[in-house]
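Notes follow once the structure below has been shown.
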Amino acid sequence: MKQDSNLAKAYLEAYEKACLALLACDSEMVCQNTKAVFEADKSTYVIRYFNQEYRIKCTDGYFVFDQEPSELSITEQVLVLHYLINAKPRPMTGRTISFLEVPKGGSIYHATFKKRAVDPLVQTFSGNLGGLINAAEALGGRPETFGDASFSVFIFPYVPVTYVLWQGDEEIASSGTILFDASVSDFLPTEDLVLAASYGTYRLIGEHKKNQTVKSEDKMIFQ
């Protein structure tokens with residue numbers, strides 16, 4: 001319980017720090033680097049996170065997120081703020097790299113990355129490539145040519161994350177990986193990249209569960 005309280009406090013402090021950092025940024029440069037839009041008359045940034053637009057309004061020295069289209073957890077709010085703050089004026093390369101190849105700590109965070117992002121992806125969609133395809137399409141994913149099924153999901157406008165799955169067979173277990181554009185460290189710190197990829201996995205799983213629920217309801221209706 002104390003650990004949860006300390007974690008919540010740490011994220012609140014990170015949120016407050018990120019708000020102050022964004023206030024100190026030039027809004028025109030932020031928009032240029034992130035593909036956000038700044039509505040000066042409303043002191044509001046508009047940014048795409050996954051396939052939805054979020055509005056972030058500056059109020060009394062804090063940036064407050066609209067609860068539409070959906071309410072974001074404080075960890076996701078910090079992630080969005082960090083993207084706005086940290087993005088540099090760099091183009092995406094079109095070249096993919098693994099998490100281990102990410103500069104500034106990919107190897108340090110790899111065990112956590114695998115546990116939070118890769119393993120749940122494989123566990124959920126092993127033997128169910130169609131489920132991954134449907135879930136990725138629901139998030140606006142772009143089909144790729146890696147593995148037996150793969151899609152790039154844009155967490156942010158300049159942060160595509162590529163989810164890859166190999167089907168496996170009786171002798172070889174299913175496996176997966178997650179890839180990034182080689183420019184990714186110019187847009188997010190490595191520890192935030194773990195969060196971004198993990199939230200992508202969770203949303204894919206969430207869409208899959210919604211699809212399963214709809215199928216179950218349809219089956220009940222037509223029985």
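Please treat every number below as a calculation from the coordinates, not as lab data. All of these numbers come straight from a predicted model, not from anything done at the bench. Every residue, glycine as well, gets a Cβ built from its backbone with ideal geometry; the counts of neighbours run over all protein chains shown.
Reachable aspartates and glutamates from Lys104, Cα under 16 Å, same-chain residues fewer than 8 places away excluded?
Here the aspartates and glutamates satisfying the reach criterion relative to Lys104 are Asp181, Asp186, Glu191, Asp192.
Please report how far the C-alpha centroid of the stretch 95-140 lies from that of the stretch 52-92, rounded to the nearest whole angstrom.
Here the answer is 23 Å between Cα centres.
Averaging the inverse of every distinct alpha carbon separation and then flipping it gives the Kirkwood radius. What is it for the chain, in angstrom units? Let's see the in-between values first.
Details: mean 1/r = 0.0536 Å⁻¹.
Taking the inverse mean of 1/r over all distinct Cα pairs, the chain comes out at 18.6 Å.
Give the relative contact order (percent, whole number) for the chain; include only Cα pairs under 8 Å separated by 6+ residues. Provide the component values of the computation, followed by the final result.
On the way: 323 pairs, mean separation 45.3, N = 223.
So the answer I get is 20 percent.
For each of Ser198, Ser43, count neighbouring Cβ atoms within 10 Å of the residue's Cβ, then give the residues from fewest to most.
Working: Ser198 20, Ser43 13.
Ordered by Cβ neighbours within 10 Å, fewest first: Ser43, Ser198.
Take the stretch 2-86, drop everything but the C-alpha atoms, weight them equally and run the Debye formula without solvent; then report log10 I(q)/I(0) at 0.20 Å⁻¹ to two decimals.
-0.90
Quick one: which of Lys17/Lys114; Lys57/Lys114; Lys57/Lys88; Lys88/Lys114; Lys42/Lys114; Lys9/Lys210 span more than 30 angstrom between C-alpha atoms?
Flagged as over cut-off: Lys57/Lys114; Lys42/Lys114; Lys9/Lys210.
Of all alpha-carbon pairs in the stretch 96-221, indicate the percentage at a distance above 16 angstrom. Write down the numbers at each step before the final one.
Numbers: 4719 of 7875 pairs.
So the pairs more than 16 Å apart make up 60 percent of the total in the stretch 96-221.
Regarding the stretch 59-116, what are the three Cα extents along the principal axes, ordered largest first, in Å?
40, 31, 22
Summing -39500 (n - 2.57) over the DSSP H runs of n ≥ 4 in the chain and dividing by its residue number, what mean residue ellipticity at 222 nm do you reach, to the nearest 500 deg cm²/dmol?
Working: 7 runs with 96 residues, N = 223.
Theoretical 222 nm ellipticity from helices: -14000 deg cm²/dmol.
What stretch of the chain, leaving out the sites themselves, is the longest with no GluC sites (Glu not before Pro) in a DSSP loop having at most 13 other Cβ atoms within 10 Å?
Longest site-free region, per DSSP loop and neighbour criteria: 72-169.
With a cap of 15 neighbouring Cβ atoms within 10 Å, and only residues DSSP puts in a loop, list the trypsin sites (Lys or Arg not before Pro) found in the stretch 16-114. Working shown, then result.
Numbers: sites: Lys17, Lys35, Lys42, Arg48, Arg55, Lys57, Arg95, Lys104, Lys114; in loops: Lys35, Arg95, Lys104.
When the trypsin sites (Lys or Arg not before Pro) of the stretch 16-114 are filtered for loop state and at most 15 Cβ neighbours within 10 Å, Lys35, Arg95, Lys104 remain.
Which FRET efficiency value, to the nearest 0.05, is calculated for Gln123 and Leu100 with the Förster distance at 22 angstrom and r the Cβ-Cβ distance? Intermediate results must be reported in sequence, preceding the final value.
On the way: r = 21 Å, r/R0 = 0.95.
Working from the Cβ atoms, E equals 0.60.
Please compute the contact order of the stretch 2-86 in relative form: average sequence separation of alpha-carbon pairs under 8 Å and at least six residues apart, divided by the residue count, as a percent. Display every interim value, and only then the final one.
Values: 88 pairs, mean separation 26.4, N = 85.
Relative contact order of the stretch 2-86: 31 percent.
Can you work out the FRET efficiency for the pair Lys9 and Thr93, with r the C-beta to C-beta distance and R0 = 30 Å, to the nearest 0.05?
Numbers: r = 38 Å, r/R0 = 1.26.
The formula returns an efficiency of 0.20 here.
Using label points projected 7 Å from each Cα along Cα→Cβ, tell me how many nm separate Leu23 and Lys115, to one decimal.
The answer from the label model is 3.6 nm.
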